[in-house]
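Trainee: If you scroll down you'll find the structure; I have some questions about it.
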Amino acid sequence: MEIDRDRAREVAAAAFRDHGIRECDAVTTAEMLVTAEARGKSSHGLIRLPRYLRGVEHGNVDPEGSIEIATDAGAASTIDGGARLGPAVAQHAIAEAIERAEEYGVGLVGVRNSTHLGMLGYYTNEIREAGYVGIAMTNTEPAMPPHGGAEPVLGTNPIAIGLPTDPPFNLDMSTSAIARGSINEAAEQGEEIPEGIALDARGQPTTDPEAALDGTILPFGGPKGSGLAIAVEVLAGGLVGAAMGEDVTGTYHTEEPCTKGDLFVVIDPDATAGGSFRIGDERVSGLAQADRTGGRRRRDQASRREIGS
């Protein structure tokens with residue numbers, strides 16, 4: 001089904017305005033949702049709109065909240081989001097981080113007292129397009145056990161990395177085998193989820209998305225995803241003064257206050273690479289295309305060896 005992008009953006013923004021959200025926050029959040037939808041990330045697209053609106057109704061989101069600098073240490077700072085809509089707070093945070101990177105070479109901004117910010121790669125892509133390296137991470141309410149466990153202790157804890165390269169590089173991944181939003185989308189569409197990525201409430205493997213939502217999602221790569229999730233939990237949560245582990249609430253169940261944290265890091269390439277790391281840099285572009293050109297070169301070399309033998 002095709003959706004007119006401008007129309008979708010206006011409908012979403014109007015829904016936020018009708019719930020008392022200020023104009024700039026409504027437009028910012030609507031743009032993020034529609035962009036996620038357009039990029040095929042429907043699990044973080046318009047399907048999330050009702051959940052955001054319920055968050056406003058339940059007090060998870062404060063339409064009148066104030067975004068303020070809580071701590072300031074030059075290149076690093078922490079923002080109190082005033083419980084405003086997460087995408088609006090995130091936009092404020094990346095603007096702050098870019099400004100500090102321009103002055104110090106790197107800008108690190110932690111966020112607490114914010115709400116669900118949507119597709120994490122949306123923000124690293126904006127940082128990347130501005131010519132900087134962007135790293136972002138956030139923790140979520142428990143949905144995943146540590147490797148070898150069955151009880152949800154960790155969030156799905158996504159991490160995103162954007163590089164100002166040509167072709168573009170923008171990684172956006174959860175530390176779980178699948179994002180909770182994707183399971184929620186499968187449940188709403190009556191579809192099964194793949195095997196080996198979730199357990200039901202009894203700790204048994206399941207392909208039923210409803211059972212998975214009541215149970216736990218497994219970390220990707222076993223101990224690797226589990227270890228990365230713990231790191232994100234500490235960096236995005238504890239480091240910025242937000243909650244961690246079982247104390248995180250309100251990212252999925254929006255009738256509760258949101259206690260998670262976010263972390264944004266912006267790096268000015270000129271500060272570390274002396275101006276040699278630029279969009280179109282041959283070294284970086286060559287590496288980004290290595291899956292095609294490098295693989296073909298190896299095959300050609302193998303063919304020459306066979307001919308020579």
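Trainee: Would you calculate, for the chain, the mean residue ellipticity at 222 nm contributed by helices, counting each DSSP H stretch of 4 or more residues as -39,500 (n - 2.57) and dividing by all residues, to the nearest 500? The partial results should precede the final answer.
Mentor: Details: 11 runs with 122 residues, N = 309.
That calculation yields -12000 deg cm²/dmol at 222 nm.
Trainee: Could you put ILE217, ILE230 in order of accessible surface area, largest first, with the 1.4 Å probe and the full protein assembly present?
Mentor: From most accessible down to least: ILE230, ILE217.
Trainee: Another question, if that's okay. Using amide H atoms built 1.01 Å from N in the peptide plane, name the residues 5+ places from PHE169, or on other chains, whose amide H lies under 5 Å from its own.
Mentor: LEU163
Trainee: Continuing with the same structure: What are the equivalent ellipsoid semi-axes of the chain, built from the alpha-carbon gyration tensor (square roots of five times its eigenvalues), in whole angstrom, biggest first? If you can, show how the numbers build up before the last one.
Mentor: Working: eigenvalues 205, 143, 82 Å².
Gyration-tensor ellipsoid for the chain: 32, 27, 20 Å.
Trainee: Place the peptides 23-31, 154-162, 118-126 in order of packing, highest mean first, counting for every residue the other Cβ atoms within 10 Å and averaging per peptide.
Mentor: 154-162, 118-126, 23-31
Trainee: Further question: Please state, rounded to one decimal and in Å, the Kirkwood hydrodynamic radius that segment 166-233 gives when every pair of distinct Cα atoms enters the mean of 1/r.
Mentor: After inverting the mean inverse Cα-Cα distance, the result is 12.7 Å.
Trainee: For segment 233-274 and segment 177-197, what is the separation of their C-alpha centers, rounded to whole Å?
Mentor: With segment 233-274 and segment 177-197 each reduced to a Cα centre, they are spaced 24 Å.
Trainee: Accessible surface of ILE178 in the full protein assembly, 1.4 angstrom probe, to the nearest 10 Å²?
Mentor: 30 Å²
Trainee: Return the long-range amide H neighbours of ASN139 (sequence gap of 5 or more, or a different chain), with a cut-off of under 5 Å between placed amide H atoms.
Mentor: Result for ASN139 returns GLY261.
Trainee: Separate question: For a label point 7 angstrom out from the Cα of GLU256 toward its Cβ, which stretches of segment 134-155 have the backbone nitrogen within less than 14 Å?
Mentor: Answer for this model: 140-144, 152-155.
Trainee: Let's test the formula: R0 of 35 Å, r as the Cβ-Cβ distance of GLU210 and ALA14. What FRET efficiency results, to the nearest 0.05?
Mentor: E(calc), rounded to 0.05, equals 0.65.
Trainee: Here's a follow-up. Once neighbouring chains are kept in place and the probe is 1.4 Å, which whole percent of the accessible area of the chain is contributed by carbon and sulfur?
Mentor: Accessible surface attributable to carbon and sulfur in the chain totals 51 percent.
Trainee: Suppose all protein chains stay in the model; what accessible area per residue would a 1.4 Å probe give for the chain, in Å²?
Mentor: On the way: 14400 Å² over 309 residues.
Normalised by residue count, the accessible surface of the chain is 47 Å².
Trainee: Put a dot 7 Å past each Cα toward the Cβ at LEU171 and ALA38; how far apart are the dots in nm?
Mentor: Each label point lies 7 Å from its Cα, and together they span 2.6 nm.
Trainee: Rounded to the nearest 10 Å², what accessible area does SER174 have for a 1.4 Å probe in the complete protein model?
Mentor: Near enough 20 Å² of accessible area.
Trainee: Something else: Taking R0 as 25 Å, what's the FRET efficiency between ALA231 and GLU151 from their Cβ-Cβ distance, rounded to 0.05?
Mentor: 0.80
Trainee: Right, next: Along its principal axes, what span do the Cα atoms of segment 3-69 show, with the longest given first and each in whole Å?
Mentor: Principal-axis extents of segment 3-69 (Cα, largest first): 32, 26, 19 Å.
Trainee: Tell me, what HN-Hα J-couplings in whole Hz come from the Karplus equation 6.51 cos²θ - 1.76 cosθ + 1.60 at θ = phi - 60° for each residue of segment 55-62, using x for Gly and Pro?
Mentor: Karplus-based 3J(HN,Hα) across segment 55-62 equals x, 5, 5, 8, x, 5, 10, 10 Hz.
Trainee: Compute the separation of the alpha-carbon centres of segment 115-148 and segment 64-101 and state it in Å as a whole number.
Mentor: Comparing the Cα centres of segment 115-148 and segment 64-101, I get a distance of 15 Å.
Trainee: Can you put SER42, SER114 in order of accessible area, largest first, using a 1.4 Å probe?
Mentor: The residues order as SER42, SER114, largest area first.
Trainee: If R₀ is 35 angstrom, what is the calculated FRET efficiency for the pair GLU191 and ASP247, using the beta carbon separation as r and rounding to 0.05? Please report the intermediate quantities before stating the final value.
Mentor: Details: r = 33 Å, r/R0 = 0.93.
For R0 = 35 Å, the calculated efficiency reads 0.60.
Trainee: Leaving out ligands, DNA and RNA but keeping every protein chain, what accessible area does ARG51 have, in Å² rounded to the nearest 10, with a 1.4 Å probe?
Mentor: The accessible area comes out at roughly 40 Å².
The values are calculated or read from the model by the stated rules, or taken from the named source; none is laboratory data. Being a predicted model, the structure only gives us computed values, none of them experimental. So basically every Cβ, Gly included, is an ideal-geometry build from the backbone, and we count neighbours across all protein chains shown. Side chains are part of the model used for accessible areas, which takes the heavy atoms of the whole protein and leaves out ligands, DNA and RNA. Shrake-Rupley method; radii C 1.70, N 1.55, O 1.52, S 1.80 Å.
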